[in-house]
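Data block below; observations after.
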Amino acid sequence: MTETGSVVVIGGTSGLGREVARLYAERGRDVVLSGRDKDRAQAAASEIGGRTVGIGLDLAQPDDIASDLAGVGQVAHLVLVAIERDENTARDFDLARATRLVTLKLVGYTEVVHTLLPRMDAESSIVLFGGMAMGRPYPGSTTVSTVNGGVTGLVHTLAVELAPIRVNAIHPGIVGDSPYWAERPQAVERARSRTPGERMVRMQDIVEATAFLLENGSVNGVNLRADAGWMLM
Ligand SMILES: NC(=O)c1ccc[n+]([C@@H]2O[C@H](COP(=O)([O-])OP(=O)(O)OC[C@H]3O[C@@H](n4cnc5c(N)ncnc54)[C@H](OP(=O)(O)O)[C@@H]3O)[C@@H](O)[C@H]2O)c1
């Protein structure tokens, strides 16, 4: 993989994004991680250590994204991980929350790509985060399921449009040791028991799969299901 440029993790202050940032920091790479609040992002960056810096950026405010990213230099790998959890249903629809999540995941992710594109080269690669809620809805997942479906389409168009830059997505199942689901052990257990091998998906699995998508030159336009086979049962 290219060693020129930094690894940028949008949504790197917690959960899966933080662990992806940590992997590349431990490999000695320049890492830029973001969260909504600059101080929190800088605190996460200094906890991770190495050559990691933190920046503030709110994907739900897409007009500001270009200026928020002004200090970022050449980009080797871009990982778009951020989410704000929106528990929403069509029967009891919260418009403001739904609009915020759709803006964040679809418009915000794309605006980051648009802004950083001139700082990427032919060896650069991008990974977007979706999730299995698109095919395995749970109560309140209406907007999350919708935006995950949007990520699937976004990967297809970006892989064609941005070539030779490679663009892939990862769609995790319920990641049992991630901060959000670790507080919901019954849901984790339900998902685990519905996989062929009764295996829980772990953060380490998703970090390794993300690195594979970023680094393997033959993988392009893929929406990778990383759910221990949950979708089959
Ligand atoms: N965890 C799972 O089991 C699971 C399953 C399927 C899919 N996924 C997907 O994997 C990704 C990561 O999930 P996670 O559980 O690791 O998430 P998480 O721990 O909740 O972390 C979310 C990250 O997004 C950032 N963020 C939140 N709102 C933002 C905004 N408006 N603008 C910019 N950044 C924002 C947060 O930073 P601040 O709070 O510092 O702003 C944080 O760094 C998500 O895209 C999610 O859909 C996760």
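Structure summary
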| read-out | value |
| --- | --- |
| Cα centroid of region 47-124 to Cα centroid of region 184-233, whole Å | 22 Å |
| Å² of accessible area per residue within the chain, as computed with a 1.4 Å probe and no ligands counted | 45 Å² |
| Residue among A163, S125, T195 farthest towards the positive dipole end of region 123-202, charges placed on Cβ | T195 |
| Cα-projected label distance for A163 with A43, points at 7 Å along beta-carbon direction, nm | 4.6 nm |
| Most positive-pole-ward Cα, V9, S145, Q186, against dipole of the chain from beta carbon charges | Q186 |
| Estimated dipole of region 102-233 in Debye, rounded to 20 [Cβ of Lys and Arg +1, of Asp and Glu -1, Cα centre] | 420 debye |
| The chain: calculated mean residue ellipticity at 222 nm from DSSP helix runs of at least 4, using -39500 (n - 2.57) | -11000 deg cm²/dmol |
| Angstrom value of the Kirkwood radius, inverse mean 1/r, which spans all Cα pairs in region 62-173 | 14.7 Å |
| Largest-first ellipsoid semi-axes for region 9-62, taking √(5λ) over the Cα gyration tensor eigenvalues, angstrom | 18, 10, 9 |
| Accessible area of the chain belonging to carbon and sulfur atoms, whole % at 1.4 Å probe | 51 percent |
| Compactness relative to 2.2 N^0.38 Å, alpha carbon Rg of the chain | 0.96 |
| Rg to Rh, two decimals, where region 1-109 supplies the alpha carbon set and Rh follows Kirkwood | 1.03 |
| Net length gained if the chain between T152 and A96 were fully extended (0.36 nm per residue, minus Cα distance) | 17.8 nm |
| For T4, solvent-accessible area (1.4 Å; no DNA, RNA or ligand), Å² | 80 Å² |
| Label point distance in nm, V219-A70, each placed 7 Å from Cα along Cα→Cβ | 3.6 nm |
| Descending principal axes extents, region 147-233, alpha-carbon based, whole Å | 43, 24, 23 |
| Full-stretch length increase - M233, R202 - with 0.36 nm per residue and alpha-carbon distance subtracted | 9.3 nm |
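The values are calculated or read from the model by the stated rules, or taken from the named source; none is laboratory data. All figures in this text were calculated on a predicted structure; none of them were measured in a lab. Methodologically, a virtual Cβ is constructed for each residue, glycine included, from the backbone with ideal geometry; neighbour enumeration extends over all protein chains shown. For the accessible areas, the whole protein counts, side chains as well, though only heavy atoms, and no ligand, DNA or RNA atoms are used. Shrake-Rupley method; radii C 1.70, N 1.55, O 1.52, S 1.80 Å.
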